[in-house]
Amino acid sequence: MAPPINLKKTSGSTTLTSTATATSAQDARLLVRETLRISAGLASAPPDSAVPCLSLASGGGSESRKPGLVEDEFVGSSLRLICCEEVDGRRFKYVAESDASTGKLKKNSFRPLSLQTPQAPADELMAFIRSYVVPEGFPGSVTPSYVPYMTWRALKHFFGGAMGVFTTQTLLNSVGISRNRATEGAVAINWILKDGAGRVGKMLFARQGKKFDYDLKQMRLAGDLLMELGAGVELATAAVPHLFLPLACAANVAKNVAAVTSTSTRTPIYKAFAKGENIGDVTAKGECVSNVADLLGTGMSILMSKRNPSLVTTFALLSCGYVFSSYQEVKSVVLHTLNRARFNVAVESFLKTGRVPSLQEGNLNENIFSFPWLKERPIVLGPRFKDAFQDPSVYLAIEPFFEKERYIVSYNPSKGKVYALLKDQAKSDDILKAAFHAHVLLHFIHSSLKSKSVSQNHGKDGYSNFLPTENELEAHVAESCKMVSTAYGIFKRKAAEQGWVMSESLLNPGRARLLK
C-alpha cells in the first residue's frame, strides 16, 4: 500500500498530490462507466451464454480480456465474473474475488448477484401466494378448465367449513344435554360408537369402487349431497338430543361415505387437469386451496355464531351455496374419456347432426344426475339372455343379422329397453361397437314412434312402451345393421379428432357372455 501523501510539504509535493488526485478521479469515472456498460450487457444477454467482461486494474486503468467485473460497492477490489444462471425466471451472476498479491481467485469467494431490480412488496407477496395455490408453470402446465374448477371447489369448501362450525356446535350441545341424563362413560361410548359406525359405512361403500371410474362426476355429486344430508342429520340432534346416538351414527355414516367418494374421484379429476407429469403438483396445490377456503369459512362461521343467528336459516343458506358450488364444480370438469353418459351424448349428436361434440360440449351436456342406483338405463350392455328376449322366435329371427358380429342387439318391448348381448369372443372394439349399435337401434325405434304419433304413451326414463311387431323389430334391426356397418368407423374417427378416448371398461358392460 502506498504511503499517504502529506499536503503540508513543499509546493512540489502539493503538485504531486493534485496529479494523483486527478488520476484517481479519472480511474473512478472509468470504473463507473465500464460497470454500467457491463451491467447493461449482462441484462440483455441470454442466461446460458458466457458474458465477456473487462477487468480494470485499480491503479493504471489498463484493460485485460479476462472475464471480470467491478461493482460500485466493490471499488478498490477486483471481482471476476464466473457464470450466469436463471432460476424460476430470475437471473443471477456469480462473481469471485481475486487476490491482489497473487492474482489468483480466492477460495470460497463466490457471490451471487441478482441481475434484476428488486420486486415491489406487493409483487413479492403475490409470487409467494402463487407458489402455494397454483401449480408450477401455471397456466401452461394445466388445462383451461382448471381455473373454474378450483374456483367453485374453493367456494364449496368455504361453505363446507362454515357449516362445520354449526354442526360441531350442535353435536357438542346435544352431548351436553344427554350428559345430564347419563354418566360420562356412557356419553364417551356414544361418541365412540358414532365414529365407529362411520368407519363401517366407509368400508361397506368401498365395494362401489368401479363406479368411481365410469360414473365419476355422478358419484362426486352424490357424495356432496350425502355430505349435506349428514350435516342436516347432525343438526337434527339439537331437536331430539335423546336420539343423539342413532342420529349421530347415521350422519357419520353418510359423511364417511361422502369422504370415500371425494377421495376416490379426486385423483382422476386432477389427472384430467395435468398437462404433463405434474399430477402431484396439481393435487397438492388443489388441496391447499381447499384447506385455505375451509379455514376462511370456519373463521367467518365463528364470527357469525357469536351473534346467535337462526340455525335453520343459516344452515339453509349455507347448504344452498354448498350444493350449487358442488354442482358447478362437477360441471366444470372436462374429461377426455367416454363413459355411458358422455357416450350417449356423443352418439345422439352424431346420429342427429353427423358430428361428434367437442370435449367441452360433450362434458357440458352430460347428465350428472343419472346416479347408478336411482334408475335403470334404456340400454343394457352385456345382460342375461333371459332379460333380453321374452320370445324365442325373436331371437331366431334377428340372430342371422349378427352372424359375423361378436354381439347381438335386440329390443324387449315389455321392458322398453335395448339389450346388447356379448358373445364369448367379444373384444374391446366389439363391446364399443355393440354399445354404438344399441344407440342406433334405439334411435330408429324412437323415430318410428314419433312418426306414428303415439308419444303420449311414455314409459320409464321418458322412453316409449311402443310394442313393435316381430316383423317391425326385424326391419329396425336390419336397418340398424346397415347403418352401423358404415357409420361406426366414421364415428370413431370423428371422436378421435375431437380428442375423445373410448374404453369399453368405462361403459360398464355386464359379465354375461353368449357361448354360441
Q) Quick check, is Tyr488 within 26 Å of Gly354 (Cβ to Cβ), at pLDDT 95 or above and of a type outside the set (D, E, K, R)? A) yes
Q. Across the stretch 382-404, which residue is farthest from the chain's Cα centre (by Cα) among those that are closer than 28 Å to Ile490 by Cα and surrounded by fewer than 18 Cβ atoms within 10 Å (Cβ to Cβ)?
A. Pro400
Q) Scanning the stretch 406-452 for residues that are touching a strand residue (DSSP E or B) at 6+ places or on another chain (Cβ under 8 Å) and open to solvent by 50 Å² or more (accessible area, probe 1.4 Å), which turns out modelled with the highest pLDDT? A) Arg406
Q.
Pairs please, first residue from the stretch 226-251 and over 18 Å from Ser326 (Cβ atoms) and outside any helix (DSSP H, G or I), second anywhere and open to solvent by less than 50 Å² (accessible area, probe 1.4 Å) and of a type outside the set (A, V, I, L, M), Cβ atoms under 7 Å, 6+ apart in sequence or on different chains.
A. Thr237/Thr170; Thr237/Ser174; Thr237/Phe244; Ala238/Thr170; Ala238/Ser174
**Q.** Residues (open to solvent by 30 Å² or more (accessible area, probe 1.4 Å) and closer than 30 Å to Gly196 by Cα) located in the stretch 257-279
**A.** Ala259, Ser262, Thr263, Ser264, Arg266, Thr267, Pro268
Q: Quick one: which residue in Glu361, Glu366 is under 30 Å from Met483 (Cα atoms), assigned to a loop (DSSP other than H, G, I, E, B), under 21 Å from the mean Cα position of the chain (by Cα) and charged (D, E, K, R)?
A: Glu366
Q | Residue tally, condition in contact with a helix residue (DSSP H, G or I) (Cβ under 9 Å, 6 or more places away or on another chain), open to solvent by 60 Å² or more (accessible area, probe 1.4 Å) and farther than 19 Å from Arg406 by Cα, over the stretch 473-493 | A | 1
Q. Of the residues Val323, Val356, Val330, which is surrounded by 21 or more Cβ atoms within 10 Å (Cβ to Cβ), in a helix (DSSP H, G or I) and of a type outside the set (Asp, Glu)?
A. Val330
(Q) Taking the conditions exactly as written (touching a helix residue (DSSP H, G or I) at 6+ places or on another chain (Cβ under 6 Å), part of a helix (DSSP H, G or I) and either surrounded by fewer than 16 Cβ atoms within 10 Å (Cβ to Cβ) or touching a residue at least 60 places away in the same chain (Cβ under 8 Å) (or both)), does Val282 satisfy them or not? (A) yes
Q | Residues of the stretch 139-165 satisfying the condition of being surrounded by fewer than 17 Cβ atoms within 10 Å (Cβ to Cβ), out of contact with any Lys or Arg (no Cβ under 8 Å at 6 or more places or on another chain) and not hydroxyl-bearing (Ser, Thr, Tyr) | A | Pro139, Pro144, Val147, Pro148
(Q) I'd like to check something: does the stretch 414-422 contain any residue that is part of a helix (DSSP H, G or I) and farther than 23 Å from Ile490 by Cα? (A) no
(Q) Any residue that is more than 24 Å from Asn367 (Cα to Cα), assigned to a helix (DSSP H, G or I) and in contact with a helix residue (DSSP H, G or I) (Cβ under 6 Å, 6 or more places away or on another chain) - is there at least one of those in the stretch 261-269? (A) no
Q | Cβ-Cβ under 8 Å pairs, at least 6 apart or on other chains, the stretch 106-121 side farther than 19 Å from Ile82 by Cβ and surrounded by 10 or more Cβ atoms within 10 Å (Cβ to Cβ), far side modelled with pLDDT of 75 or more and aliphatic (A, V, I, L, M) | A | Gln119/Ala127
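The values are calculated or read from the model by the stated rules, or taken from the named source; none is laboratory data. Because the structure is predicted, anything quoted here is derived from the model rather than measured. Glycine also receives a Cβ, built like all others from the backbone with ideal geometry; neighbour counts cover every protein chain displayed. Ligands, DNA and RNA are excluded from the accessible area calculation, which covers all protein heavy atoms including side chains. Shrake-Rupley method; radii C 1.70, N 1.55, O 1.52, S 1.80 Å.
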